[in-house]
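Right, one structure below, let's go through it.
Values quoted throughout were computed directly from the atomic coordinates according to the rules given, and no laboratory measurement underlies them. Bear in mind that the values here come from a model prediction, so they are computed numbers and not experimental data. Neighbour counts are summed over all protein chains in view; Cβ atoms, including those assigned to glycine, are modelled from backbone coordinates with ideal geometry.
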């Protein structure tokens, strides 16, 4: 009988918890892809909420007894917090795609485009490849476990029911974007150096033989050398990304 009496309160607490966790999962890498059906994402969000309910129920149960208007405000606040936190993770994860775009630019593959639902448009094929490979490597290295840990930790930084300061979130998003851009440039650094050296060499060659269209002659060579360099460095680049992503999820996102 005691459980039956508490059931409405527990159901409301579950709803509050689901608002944040579900919003985060809607924006997390892999889970937010259009290839994942909406029903599957909903079931994953419900399952994740049920799995974490025992751990986080004390953080949300006191809010479940609020009046209707206050309860609605709490749910909306949790939705906004979940969306904001999920967007932070998504921004940092885009470092892999940015690195792929920089690599494409240096080796002459910018015109090889594929449809990318995440940007609702076309993206360089290597950007899409890096994003997919990074997601697979994160699962292989169990980095996705840190996604769950970060969700749990968010309740300590941003207590349930409270709306974080918009200026703080904007500053955090800006710093995260800057750190993601720096990581992307670091990952693509070998190709940027290669691109500069190759361009200088082509420039000297064109000055030595101005009558010859050097660019069209050496472009296949540029592509061949670039793909060869990618074959050598791709593993190290993706491993470095997974390490930095894990470091950021372990608490670095708070201090960016």
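Brief remarks follow.
- Scattering curve values for the stretch 24-109, log₁₀ I(q)/I(0), Debye with Cα scatterers, q = 0.18 Å⁻¹: -0.94
- 0 to 90° range, to nearest 10: angle between helix 2-25 axis and the chain longest Cα axis: 20 degrees
- Extension gain, residue 58 back to residue 232 (0.36 nm per residue minus Cα-Cα distance, nm): 57.6 nm
- In this simple spin-label approximation, residue 225 and residue 111 carry label points 7 Å from Cα along the Cα→Cβ vector, and these lie 2.0 nm apart.
- When semi-axes √(5λ) of the Cα gyration tensor in Å is calculated for this entry, the matching label among (i) 47, 16, 15; (ii) 23, 22, 19; (iii) 27, 20, 18 is (i).
- The chain, relative contact order in percent, only Cα pairs under 8 angstrom and at least six apart counted: 23 percent
- Rounded to the nearest 10 degrees, the inclination of helix 189-208 to the longest alpha-carbon principal axis of the chain is 20 degrees.
- Relative to the longest principal axis of the Cα atoms of the chain, the long axis of helix 144-157 makes an angle of roughly 50 degrees.
- The stretch between residue 145 and residue 182, if pulled fully straight at 0.36 nm per residue, gains 10.9 nm over its current Cα-Cα span.
- Between the stretch 147-173 and the stretch 44-100, the Cα center-to-center distance that results, in Å: 9 Å
- Projected label distance in nm at residue 207 and residue 35, using a 7 Å step from Cα toward the beta-carbon: 4.8 nm
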